[in-house]
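Notes follow the structure.
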Amino acid sequence: MQRGGFWLGVALFIGMLAIGPPDGLSLAGWRTAAVTALMATWWFTEAVPVTLTGSLPFLLLPILGVAKPEAVAGLYMSPVLFLVLGGAVIGLAFEKWDLHRRMALAVVARAGAEPGRLLFAIMAVTAFISMWVNNSATTVMMLPIATATLVAVTRTLGSANPDPHEQHFASALVLSIAYASNIGGFSTPIGTPVNPIVIGILDKNLDVQITFLQWLAFGVPLMLVALPVTWWLLRIAFPFRMETGSPESIAAAIGRTPPMGTPEHRVLAVVVVTSAAWVTLPVLEKLVPGLTDAGIAIAAALALAVIPSGERRTPSRGRFLIEWSDARQAPWYLILLLGGGLALADAVVKSGLSAWLGDSTQAVAGLPLGLLVLVVAAMCIVVTECASNVATASIFMPIAATLALAGHHDPVVVSLAAGLAASWGFANPAGTSSNAMVFATGKVRVTDMLRAGLLVDLAGAVLIALTCALLVPRMTLG
């Protein structure tokens, strides 16, 4: 598939350049469409490492005369990328000192032994951790806790004749880790790499800046509604009735953590101060002009690098809360990947390609706002099931904004729906890294993921549409 995807992308690119633009579209717009077809094909098939595919705009847009090299290069150092890197370092500090595991064990041990309640507790703690920690890292950390919980509350799993209800509970519990980690990522700008892309595209294309606090205003409500809805849909897809285990057996199975030490307290203090600074940024800006969400994230990362850990139990973990050996694990590759997405989206708008596509789809643009948002969200969810989340957001957000303008609707509402929907892929084992990891456990079949995932996808389209149509217009975006 990768080899075929490589040559398909090349053939589309060369073929489109050879035949010339259709009526009504500029040469720059058509050449941008050719670059988009090449990048989309390579992104979708992973024919070339996705990060390197993100470097294509810097190579091709200047050669094709669409944009100047310095203009394209500037998009690869967008301020929002510093928010990603700073947030990633905060997440690494959580992981290094096991704060996320400590939190998860505490919640699950106190949730009680009733299976339905346990399922929701694990989903809730997974989503909360995923607000600050990379979705994949959250999934890796939570899967052993879920597996240990299964050992404590089931009796026939792994036997020749497993109880169907226990099998259903196992499928629901394992899938809930992937689903909750993805849902938690919606709630903060640093929850998933796609969120900064959304913020960057809105800034570059619509001159709209979304602050950390403004994102929380719609991201957290979306998470709070999506979690119980997803829990309910998992109960429908995998109905189970089981005997209640004992809290002691669960606590014994998942393990216990020692009391918090000095490093944990110091990391927690940095996280609390950083979160408070993000929330109170409108006030802080008056005292410190030029301060931004990204600046706060970088300040937090620097603080973690200069504050002594005070660790005495295991000095080998380092003198500081974060050291370079830790920071090297941050997703530095995202600069190319996300920068490429921003550069492509910028070219789609400035070349006139998005306007031409909007004119070509007037029938969709004429829909009422609520229905238009729902159609856009559903379309992006379908696409992102088999495509890169970054690619889906980069390609469809400018088009969604153009559709909104053609229909005299708020472009922020519609393009934000496209951006959020780009991360909502729950039915395909390869749709997200979290989906792939839970599928690899062997406790979930493809048919299981399709059965539950399609229900959650459908609910997600509705929830995203309602969130964008009802909450976003009430926000004052600058």
Self-check item: Meets criteria (in a helix (DSSP H, G or I), free of Cβ contacts under 8 Å to residues at least 12 places away in the same chain and within 28 Å of Ser275 (Cα to Cα)) for Leu224
Solution: yes
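Can you find a residue in the stretch 437-458 that is of a type in the set (A, V, I, L, M, F, W, C) and closer than 16 Å to Phe186 by Cβ?
yes
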Quiz item: Looking only at residues in the stretch 308-340 that are buried (at least 17 other Cβ atoms within 10 Å of the Cβ) and acidic (Asp, Glu), which one is modelled with the lowest pLDDT?
Solution: Glu311
Quiz item: Which of the residues spanning the stretch 382-401 are buried (at least 24 other Cβ atoms within 10 Å of the Cβ) and not in a helix (DSSP H, G or I)?
Solution: Ser388
Self-check item: Number of the exception - Arg256 against (1) modelled with pLDDT under 85; (2) under 22 Å from Leu99 (Cα atoms); (3) under 28 Å from the mean Cα position of the chain (by Cα)
Solution: (3)
Quiz prompt | Search result, residues across the stretch 324-354 that are part of a helix (DSSP H, G or I) and of a type in the set (Gly, Ala, Ser) | solution = Ser325, Ala327, Gly339, Gly340, Gly341, Ala343, Ala345, Ala347, Ser354
Self-check item: Some residue of the stretch 20-30 being charged (D, E, K, R), more than 23 Å from Val72 (Cα to Cα) and assigned to a helix (DSSP H, G or I)
Solution: no
Practice problem: Can you confirm whether the stretch 155-164 contains a residue that is of a type in the set (A, V, I, L, M) and crowded, with 21+ Cβ neighbours inside 10 Å? | Solution: no
Quiz item: Taking Ala47 and the conditions (1) touching a Ser or Thr at 6+ places or on another chain (Cβ under 9 Å); (2) at pLDDT 90 or above; (3) crowded, with 19+ Cβ neighbours inside 10 Å, which numbered condition does it fall short on, given that it satisfies the others?
Solution: (2)
Quiz item: Quick check: is even one residue across the stretch 88-97 of a type in the set (Val, Ile, Thr), under 21 Å from Arg445 (Cα atoms), at pLDDT below 85 and assigned to a helix (DSSP H, G or I)?
Solution: no
Quiz item: Within the set of pairs 6+ apart or on separate chains, which have a first residue in the stretch 456-471 that is over 24 Å from Leu213 (Cα atoms) and in a helix (DSSP H, G or I), a second that is of a type outside the set (A, V, I, L, M) and modelled with pLDDT under 95, and C-beta atoms under 8 Å apart?
Solution: Val456/Tyr179; Val456/Phe426; Asp457/Glu385; Asp457/Trp424; Asp457/Gly425; Asp457/Phe426
Quiz prompt | Unmet criterion (only one of (1) part of a helix (DSSP H, G or I); (2) over 30 Å from Pro258 (Cα atoms); (3) without any contact (Cβ under 8 Å) to a residue 40 or more places away in the chain) for Gly65 | solution = (1)
Quiz item: Any idea which of (1) in contact (Cβ under 8 Å) with a residue 60 or more places away in the chain; (2) part of a helix (DSSP H, G or I); (3) closer than 24 Å to Gly185 by Cβ is the one Met103 doesn't satisfy?
Solution: (1)
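The values are calculated or read from the model by the stated rules, or taken from the named source; none is laboratory data. Nothing here was measured: the structure is a model prediction, and the numbers come from that model. Counting neighbours? That spans all protein chains shown, and the Cβs are built from the backbone with ideal geometry, glycine included.
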